[in-house]
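Colleague: There's a structure below that I have some questions on.
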Amino acid sequence: MHRPTAAFGAAISLALLLAGCGQSTPPAPPAPQVTVANPVREKLVDRDEYVGRFIAVDAVEIRARVSGYLEKVHFTDGQLVKAGDLLFTLDQRPFRASLDQAKADLARAKSQADLAAADLNRAETLLKQKTIAEALYDQRVQSKRAAEAALQSAEAALKTAELNFEFSELRAPVSGRIGDRRISPGNLVTGTTTGSTTLLATVVSANPIRFEFSFDEASYLRYQRIAKEAGRADERGAKLPVELRLLDEQTFVHKGMIDFVDNVIDTSSGTIRGRAVFDNPDNLFTPGMFARVLVPGSQEYEALLVPDAAIGSEQIRKFVYVVDAENTVRQKYIELGELRGRLRVVKSGVNADDRVIVNGLMRARPGAKVTPMTEEQMKAAQQKQQQKKK
C-alpha cells in the first residue's frame, strides 16, 4: 500500500524541480550611492566660550561739593556728554558775594601789610640814629609779621571763595552717557566733603568698554602655561585676543583684548575673574549687557574638520562612517572639538585620507557595500538622470 504513495510523492517533487529550473534568479540591487569627502586640514586654535557682562571703564556719581539751591539743568536725560560739559548750576549769588568779600579782605590785608612794612623801614632808620627804643622797633617787626600772616590768610580765603564759586557749576568729569537727573531745579542740594550728599546724576563712559567674565581654575592654569610657552608668563593670559557676540548675533564678530586677570581665585566658586576691553564707537555695547566671549585655549595646531552633518550619535558616543578601499562602510568613533561654521573639529578618530560619508548616511550600514562619489560626481550623475527623464 505504501509503494504507490511514495511513487506519487517522488513524481510531484520531480515536477516542482523541473518547474524551478525554468525560472531565472533576480539580480542583486546595486550598491547605494553616497557622497564622500576627505577631512579638511586647517591650522586652528582651541577656543573657550564664556558668558559675561559689560561694565563701564569709568562710572561717576555727580554730587555737589557745596550746598545750595539748584538753579538750572543743562542736559537731556540719557544724552552723550563730553568731559567738561556743564551739567548743573547752583544759585551762584551767595558764592559771588563771598568771592567779592574775600577780594575786599585781601585788598585790606595788602594795605595793612604795606603800612606795616613802611613802619618797619622808618623804625630801622630811627634805630640807627638811636632816636627810638629797641622795644618799639621790635613792635614794628611783629606788626609786619602779623600783617604778612593776615595777607596769606586773605589770599587763602580768596582761593576758597573762588573754588566754591567754581563748584557751583557742576561739569562732566568724563565723557560718556549720562543718566536721568535725580533732582529738579529749586531743590536744596547738600554738598560737603564729609557726610551725606545729594546724588544729582550718574555718568558712565561708553568708548572703550570693558567685559567681565569668570573662568574655572583648570582653564586659568591652561592660560598660564600658554602664556609661559609664548614668553609672557607675567601676563597670566592678559593681552590675548578675544572675540565676542551679542545675544541676537550668530557669529563672533567683535574683536577685543584681555587686559586684566584677577590676582585671587574665589574660594566659594573656584573661579577667577577676567576682563577684556572692546572698542564701542557706535555705543552698541551698554554696561550690564550680557554677551558671549571666545578666549584662545591652546597654541596653534593643525586640525582635521568634517561636515557637522556627517557626524552620527550612538548614545553618548559620536561616530562617522568611512568607506574603505573595497567600498565597504566602516564605523569610526571620534572625539569632537568646537564647531567652525558648518565644519566640526575632530580631535581624534579619523585620518586625513579617510573617505567620510557626508550625504547618504541613512543608506549606509557598517559592513555594507556602497558606491562612493564626490560631490561633483554626484551632481553630474543627477544632471544625467534629469536629462534622461526629459
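The values are calculated or read from the model by the stated rules, or taken from the named source; none is laboratory data. Computed from a predicted model, the values in this text were never measured in an experiment. Cβ sites come from the backbone with ideal geometry, for glycine too, and all protein chains shown count toward neighbours.
Colleague: For segment 165-198, which residues satisfy the criterion of being among the small types (Gly, Ala, Ser), modelled with pLDDT under 90 and buried (at least 16 other Cβ atoms within 10 Å of the Cβ)?
Modeller: Within segment 165-198, Gly191 is the sole residue that qualifies.
Colleague: Select from segment 312-356 the residues that are within 23 Å of Pro29 (Cα to Cα) and out of contact with any Pro (no Cβ under 8 Å at 6 or more places or on another chain) and write down the one among them that is modelled with the lowest pLDDT.
Modeller: Only one residue tops the list, namely Ala325.
Colleague: Within segment 247-268, can you find the residues that are in contact with a strand residue (DSSP E or B) (Cβ under 7 Å, 6 or more places away or on another chain), without any contact (Cβ under 8 Å) to a residue 40 or more places away in the chain and either among the aromatic types (Phe, Trp, Tyr) or in a loop (DSSP other than H, G, I, E, B) (or both)?
Modeller: Thr251, Val253, Phe260, Asp262
Colleague: Could you run through segment 259-310 and say how many residues are of a type outside the set (A, V, I, L, M) and surrounded by fewer than 12 Cβ atoms within 10 Å (Cβ to Cβ)?
Modeller: Matching residues across segment 259-310 total 12.
Colleague: Looking only at segment 279-313, filter to residues that are β-branched (Val, Ile, Thr) and not in a loop (DSSP other than H, G, I, E, B); which one of those is nearest to Arg53 (Cα to Cα)?
Modeller: Quick first cut of segment 279-313, residues β-branched (Val, Ile, Thr) only: 286, 293, 295, 306, 311.
Filter once more, keeping what is not in a loop (DSSP other than H, G, I, E, B): 293, 295, 306.
On the way: Val293: 10, Val295: 15, Val306: 33 Å.
Applying the filter and picking the extreme gives Val293.
Colleague: Could you name every one of the strands (runs of 3 or more DSSP E) located completely within segment 336-390 that has at least 1 residues being within 40 Å of the chain's Cα centre (by Cα) and among the hydroxyl-bearing types (Ser, Thr, Tyr)? Walk me through how you get there before you give the answer.
Modeller: On the way: elements: 343-348, 355-359, 371-373.
Result: 343-348.
Colleague: If you scan segment 36-54, which residues turn out to be under 17 Å from Val204 (Cα atoms) and crowded, with 16+ Cβ neighbours inside 10 Å?
Modeller: Matches in segment 36-54: Phe54 only.
Colleague: Just the residues that are surrounded by 12 or more Cβ atoms within 10 Å (Cβ to Cβ), touching a residue at least 60 places away in the same chain (Cβ under 8 Å) and assigned to a loop (DSSP other than H, G, I, E, B), please, taken from segment 67-83.
Modeller: Ser67, Phe75, Ala83
Colleague: Identify the residue in segment 91-136 that is assigned to a helix (DSSP H, G or I) and hydroxyl-bearing (Ser, Thr, Tyr) and, among all such residues, is modelled with the highest pLDDT.
Modeller: Residue satisfying both the conditions and the ranking: Ser98.
Colleague: Would you confirm whether any residue within segment 103-118 is touching a strand residue (DSSP E or B) at 6+ places or on another chain (Cβ under 8 Å), in contact (Cβ under 8 Å) with a residue 12 or more places away in the chain and either closer than 21 Å to Phe165 by Cα or not assigned by TED's automatic domain parsing to the domain that holds Leu151 (or both)?
Modeller: Looking for residues that are touching a strand residue (DSSP E or B) at 6+ places or on another chain (Cβ under 8 Å), in contact (Cβ under 8 Å) with a residue 12 or more places away in the chain and either closer than 21 Å to Phe165 by Cα or not assigned by TED's automatic domain parsing to the domain that holds Leu151 (or both), one finds none in segment 103-118, hence no.
Colleague: If you check every pair at least six apart or on different chains, which have Cβ atoms under 7 Å apart with a residue in segment 163-188 that is closer than 20 Å to Asp58 by Cβ first and a residue that is polar (S, T, N, Q) second?
Modeller: As it stands, the answer is Val174/Ser205; Ser175/Ser205; Gly176/Ser205; Ile178/Gln79; Gly179/Thr202, since those pairs meet every condition given.
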